[in-house]
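Chemist: Sharing a structure, written as structure tokens. Questions coming.
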Amino acid sequence: MTLRRRSLSRADRPEEIPLHPPGATLTTLDNGLTIILAEDHSAPVVSAQAWCRTGSIHEGRWLGAGLSHVLEHMLFKGTTRRTGAQIDHEVQDAGGYLNAYTSFDRTVYWINVPSTGARVAIDILCDIMQHASLPSEELSKELDVIRREMDMNQDDPGRRSSRRLFETAYTQSPYRYTVIGYPDIFDRLTPDDIRAYYRERYMPNNVFLVVVGDVHPPQVVEQVRQAYAGNRAQPLAPMVLPTEPAQAGPRETIEEAPVELAHTHVSWHIPDLRHPDVPALDVLAVLLGGGRSSRLFQQVREKLGLVHTVEAWTYSPGQPGLVGLSAVLDPQRFRPARDALLAEVEKIRTGLVPAGELRKAVKQFVSGTLSARKTMQGQAQDLGGSWLVAGDLNFSERYLAGVQRVTPAELRRVARHYLTPENRTLNALLPTGTAPKATASVRATADHPIAKHELPGGLRLLLKEDHRLPFVEFRAVFQGGVLVETAEDNGLTQLLSKMLPKGTRRRTAQQIATEIESVGGSLDSYAGNNSLGVNAEVLSTDFSTGLRLLADVLRNPTFPDVEIAREREVQLAGIRSQRDNLLKSAGLAMRRRLFGAQGYGLDVLGSEQSVARLGRSNLGSFHQRLLTPDNCVLAIYGDVKAPTVRTAVAKAFRGWRPRNESPLSKSIRGRRPPVAKDPARVEAQRDKKQAVVVVGFPGATLHSPDRFALELLQEACSDLGSRLFLRVRERLGLAYYVGAQSFLGLAPGYFAFYAGTEPAKAALVEKELLEEARLLAAEGLTGAELQRAKAKLIGQKKIGRQDLGTLASTTALDELYGLGYSNIDTEDAHYEAVSPEEIRTVAGRYLSADAAVVSVVNPTEALPDRP
């Protein structure tokens, strides 16, 4: 049977395209090896190809080493059955020739022979794909050959500039790494690394064979089956490739080198080959730069004489690819040539292509594709490529049908969508000394200190001018949280915070959302253990809108019943969802046992019973109690003028009445949790697989001088290099995760250790956490541990303060809690001043086993024995 594929008549009837091309068969062996066969007796020739689904993008930790390319050089160098010379002689004796190539996503080995040599060709391919010996002597030689190839690619301006284009256009995708590899990585490869990669990737379930020509399929299948007998499928580690993010702005790299002519490329990101837009993009590339009648050739080369050669192309692999233009030109013509190339692209984007010109481009593409099928090798390549990319042997036929359906309107649509300036990358390699001189400017910025203003009613206003970016950050914070709640109204602060932007006397919730988002801004609210607040951000041109909305939601909420019901349901769902978080559940149980049903013993979200009772009257009275000017700090930082802002704030909040008392009673501020005689225990069960252990101790307040040592203890026990991690997880293998937390509040908080583990190991983990507490109380931290903790903690705070919104929140809360907005100026020095002796003293003061509360959450099957 002869393989015949007729494409031109099916453009309007894609449903008539069969599943497989006529004469093609697909067989998958038990070990996962796929055999693609196509009979074509038009000539006594066979093309046999072995495809491995591995290329440079699959090299894992050796990405950039060129491992796939090394194997391409080596597989014909010998197997356990044949030497390299024998392979060459057998192919030559059969009247054939062999070769191979490597790309980003595949490595392909092929042998073309007269049909009388088909059995030899198939046997050799099956042999090299399973039994390559990778002899050390040959490997050493080939590695040197590849090094010379790297030098050659560097010397060749066309290859060098093309490689640089991909390195610039792609930022995350492994397509940015050259297939052949980079010398610095390549030179670290050992023979064992190369052999391991062969074993990992050349397994039968990652390989398929394509045989096209004058063959009898059942005989070929049986031969391959016997050749692979005993070679079982192997585990193939999943390989998740990074997704290339959308390009947000034009990119340009211009380099100089000792070359004679300029080589330039312009590219745009496009989807992968299976996307329905790609056929139109292929036609667009032919129309722009396919042949001497193309637009680029006629306009930029023939008419303007700006380039020596020019072409347009698409690179459409299994992952998102590129469409681009390439030209070779004299360096002094670089700028006008670039502008002329982009002008032709703009014409495609704005105008409709004449129907006759489109028909010509379509026929050029179809003819070029079909021409490749004239040989058995071309047919095999077509089948293999279709199977690799789409898992569809007739994919190229369906693709050609898509090409023939392209219209002028569709061409303009894809050009407008993909060929945008934001999606464009330009690369140029120019002769030394000819690159256009770049100009750069640096904008000077002045640092404006934070200024505090006391407004009528007790409102504290913090202002900071920062003109680096045209944004304004609003942070309005109030004392509140669980410290002002009871078990009966627990969760009220959270519900109040969520209801503030849900409707006012002037605006509905939708109007608030629409008004802030229409200016590109944001407005949200939060509630915590000690406070609640509203945050907003707008562009500086919309300062008045941001301030107006902020004042409205703070002062005039109406608490519509329908919105209360909706937010209450969300909050109840959040409470229920916490049961699935074992660490959260164990932590809440520890807090409840340590503090009782008050203060920090309450959950910010509340309980299902308390939240279900909350309504408009609760919210109204709570709003009057908490959201008063004398309980508020308002920070406004950004691209503003301080005197103007102060006047605007005074006007926006005129008439806001104070309550003249703190929402937090003095008894709550000073209360310490009760201290147990022996370690108290809380145990719970969940229908889960893991266990969680939390060991908590009474802690300090934000105003305690001990806070700095406790925070450093937390830092020293909470990273991957900490003593807790190295001991409990690495050395003893007892936990999945382990760490510590120092919770500081307006009332005394807690210090806790936590770990996630197997249920059978929960008792041992508990014992080790208590032992670590004992060691810290007795010995403290080493000098090195303390220094690392200081460096990391101070460094993280510095990094956080670079964001203006974070800075506004931090300083506003410091002012609200009585630390002062300038606390950040002295805080680092307090951490630096903590000595090893102070660490030991503070640890001894707080980490007493007698004061501990142990909280364990276990699976429902059984609770572990206590230590």
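Chemist: Would you mind pulling out the separation of the Cα centroids of the stretch 225-289 and the stretch 132-208, in Å?
Modeler: Taking the Cα centre of each part, the stretch 225-289 and the stretch 132-208 sit 17 Å apart.
Chemist: Let me ask something else. How much accessible surface does Ile57 have with a 1.4 Å probe, in Å² rounded to 10?
Modeler: 10 Å²
Chemist: Where does each of Arg335, Arg801 land when they are ordered by accessible area, with a 1.4 Å probe and the largest first?
Modeler: Sorted by accessible area, descending: Arg335, Arg801.
Chemist: Same structure, new question: Nearest 10 degrees, 0 to 90: what angle lies between the long axis of helix 334-350 and the longest principal axis of the chain (Cα atoms)?
Modeler: Roughly 80 degrees, rounded to the nearest 10.
Chemist: What does the accessible area of Lys360 come to, in Å² to the nearest 10, when a probe of 1.4 Å is used?
Modeler: Answer for Lys360: close to 70 Å² accessible.
Chemist: Ordered by residue, what ³J(HN,Hα) values in Hz, to whole numbers, does the stretch 542-555 give under the Karplus form 6.51 cos²θ - 1.76 cosθ + 1.60, where θ = phi - 60° and Gly and Pro are x?
Modeler: Karplus-based 3J(HN,Hα) across the stretch 542-555 equals 10, 4, 5, 4, x, 5, 4, 5, 4, 4, 5, 6, 6, 9 Hz.
Chemist: Can you tell me how much longer the chain between Lys303 and Ser371 gets when fully stretched, taken as 0.36 nm per residue apart minus their C-alpha distance, in nm with one decimal?
Modeler: Gain on extension, Lys303 to Ser371, equals 21.4 nm.
Chemist: If you don't mind, another one. Whose amide H sits under 5 Å from the amide H of Thr309, counting only residues 5 or more places off or on another chain, with H placed in the peptide plane?
Modeler: Val328
Chemist: Can you give the longest run of the chain that contains no GluC sites (Glu not before Pro) sitting in a DSSP loop with at most 10 other Cβ atoms inside 10 Å? Write down the numbers at each step before the final one.
Modeler: Details: sites that count: Glu260, Glu861.
Longest gap between qualifying sites, sites excluded: 261-860.
Chemist: Take the Cα of His467, step 7 Å along the line toward its Cβ, and report every residue of the stretch 601-641 whose backbone nitrogen sits under 13 Å from that point.
Modeler: From the stretch 601-641, the list is 638-641.
Chemist: For the chain, what does the helix formula give at 222 nm: sum of -39500 (n - 2.57) over DSSP H segments with n ≥ 4, over the residue count, nearest 500 deg cm²/dmol? Don't jump to the answer; show the numbers that get you there.
Modeler: Numbers: 29 runs with 350 residues, N = 867.
Result for the chain: -12500 deg cm²/dmol, rounded to the nearest 500.
Chemist: When only Cα pairs under 8 Å and 6 or more residues apart are kept, what is the percent relative contact order across the stretch 169-313? Could the numbers behind the result be given before it?
Modeler: Values: 71 pairs, mean separation 31.3, N = 145.
Here the relative contact order equals 22 percent.
Chemist: What pairs from Lys688/Lys761; Lys498/Lys584; Lys761/Lys790 go past 26 Å between their alpha carbons?
Modeler: Values: Lys688/Lys761 15 Å; Lys498/Lys584 22 Å; Lys761/Lys790 32 Å.
Among Lys688/Lys761; Lys498/Lys584; Lys761/Lys790, the Cα-Cα distance tops 26 Å for Lys761/Lys790.
Chemist: If contacts are Cα pairs under 8 angstrom and at least 6 residues apart, what is the relative contact order of the chain in percent? Kindly include the intermediate steps, with their values, before the conclusion.
Modeler: On the way: 1668 pairs, mean separation 93.2, N = 867.
Relative contact order comes out at 11 percent.
Chemist: Mind jotting down the distance between the C-alpha centroids of the stretch 63-124 and the stretch 755-770, whole Å?
Modeler: 56 Å
Chemist: Which label belongs to the value computed from this structure, given these candidates for log10 I(q)/I(0) by the Debye sum over Cα atoms at q = 0.07, 0.08, 0.09 Å⁻¹: (1) -0.85, -1.01, -1.11; (2) -0.70, -0.87, -1.03; (3) -0.58, -0.75, -0.93?
Modeler: Recomputing log10 I(q)/I(0) by the Debye sum over Cα atoms at q = 0.07, 0.08, 0.09 Å⁻¹ here picks out (1).
Chemist: Any idea how far the Cα center of the stretch 716-753 sits from the one of the stretch 570-610, in Å?
Modeler: Between the Cα centres of the stretch 716-753 and the stretch 570-610 lies a distance of 21 Å.
Chemist: Count charges around Leu306 for me, please; just the other residues with Cβ under 14 Å from its Cβ, Lys/Arg as +1, Asp/Glu as -1. Intermediate results must be reported in sequence, preceding the final value.
Modeler: On the way: positive: Arg295, Arg301, Lys303, Arg333, Arg335, Arg338; negative: Glu302, Asp330, Asp339, Glu344.
Combined, the nearby Lys, Arg, Asp and Glu give +2.
Chemist: On to the next question. Using only the alpha-carbon atoms, how far is helix 355-371 inclined from the longest principal axis of the chain? Give it as 0 to 90 degrees, nearest 10.
Modeler: Here the helix axis deviates by roughly 70 degrees.
Chemist: Once amide H atoms are placed 1.01 Å from N in the peptide plane, what residues at a sequence separation of 5 or more from Val259, or on another chain, have their amide H within under 5 Å of its amide H?
Modeler: So Val259 has HN proximity to Thr432.
Chemist: Using alpha carbons only, how many degrees (0 to 90, rounded to 10) separate the axis of helix 616-626 from the longest principal axis of the chain?
Modeler: For helix 616-626, the angle is close to 70 degrees.
The values are calculated or read from the model by the stated rules, or taken from the named source; none is laboratory data. Note that the structure is predicted; figures quoted are calculated from it, not measured. Here Cβ is always computed from backbone atoms with ideal geometry, including for glycine, and neighbour counts include all displayed protein chains. Remember, those area values only see protein heavy atoms, side chains included, never the ligands or the DNA or RNA. Shrake-Rupley method; radii C 1.70, N 1.55, O 1.52, S 1.80 Å.
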